Amino acid sequence: MFDLLIRYIRQGRITLNRDRFTQLATYHDPCNYGRRAEKIFGQGFFEEPRWIMDQCLTHWVELYPDRRHQFCCGGGGGALTNGYNEERIFYGRRKMDQIKATGAEMLVVPCHSCHGQLNNIKATYGLPKLTVKYLWELVADCLVLSEA
């Protein structure tokens, strides 16, 4: 996904409007796309999504800690469907604190499990208005459509 989006942006096959969103955004590094991919395949995807974020947004900040050191969202391994809701919600508290610390109003994630988990627990941790957006959705929302 990252490589295809980067290629299309660099080739000019898609054009993006960086001014589409004015609110502060941040990016969540999913365990599977970062640490786990690095461990299993020798490369985690850390810089690629940030490059894409830079093409879409003028106003975004890193979570702290970032990249390899980010906190898990607590929703991995199908946690949304396994019935351990109290545990899943509890494990997500550190991630929500991390997001709150940035003051971001939009959270961008590339992972379906993270997207579902963070959307599910945001109100519990005092962020009911937080927009949780897929990375590809952000790109789609920033597309400049030509009049052809």
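The values are calculated or read from the model by the stated rules, or taken from the named source; none is laboratory data. Owing to the predicted nature of the structure, the values given are computational and were not obtained by experimental measurement. As a convention, Cβ positions derive from the backbone with ideal geometry for all residues, glycine included, and neighbour counts pool all protein chains shown. The area values use the complete protein model at the heavy-atom level, side chains included, leaving out ligands, DNA and RNA. Shrake-Rupley method; radii C 1.70, N 1.55, O 1.52, S 1.80 Å.
Summary of computed values
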{"read-out": "Whole-percent carbon and sulfur share, accessible surface of segment 2-144, 1.4 Å", "value": "50 percent"}
{"read-out": "Structure-based [θ]222 nm, the chain - -39500 (n - 2.57) summed over DSSP H runs of at least 4, per residue, nearest 500", "value": "-11000 deg cm²/dmol"}
{"read-out": "Within a Gaussian network of the chain (alpha carbon springs, distance under 10 Å), most fluctuating of THR22, THR124, THR81", "value": "THR81"}
{"read-out": "Label-point separation, GLU147 to GLU62 (7 Å along Cα→Cβ), nm", "value": "4.2 nm"}
{"read-out": "Segment 2-144: relative contact order as a whole-number percent, Cα under 8 Å and 6+ apart", "value": "30 percent"}
{"read-out": "HN-Hα J in Hz across segment 89-103 - Karplus 6.51, -1.76, 1.60, θ = phi - 60°, x for Gly and Pro", "value": "5, 4, 5, x, 4, 5, 5, 5, 4, 4, 5, 4, 4, 7, x"}
{"read-out": "Cα extents of segment 2-144 along the three principal axes, largest first (Å)", "value": "46, 36, 26"}
{"read-out": "Separation in nanometres of the label points that stand 7 Å from Cα toward Cβ, at HIS112 and GLN23", "value": "2.5 nm"}
{"read-out": "Dipole magnitude of the chain about its Cα centre (Cβ charges: Lys, Arg +1; Asp, Glu -1), debye to nearest 20", "value": "240 debye"}
{"read-out": "Residues of segment 1-109: accessible area per residue with a 1.4 Å probe, Å²", "value": "57 Å²"}
{"read-out": "Residue among TRP136, TRP51, TRP60 with the largest mean-square fluctuation in a Gaussian network model of the chain, springs linking Cα atoms under 10 Å", "value": "TRP51"}
{"read-out": "Which of SER113, SER146 is most accessible, then next, and so on - probe 1.4 Å", "value": "SER146, SER113"}
{"read-out": "DSSP bridge pairs, the chain: antiparallel proportion in percent, nearest 5", "value": "10 percent"}
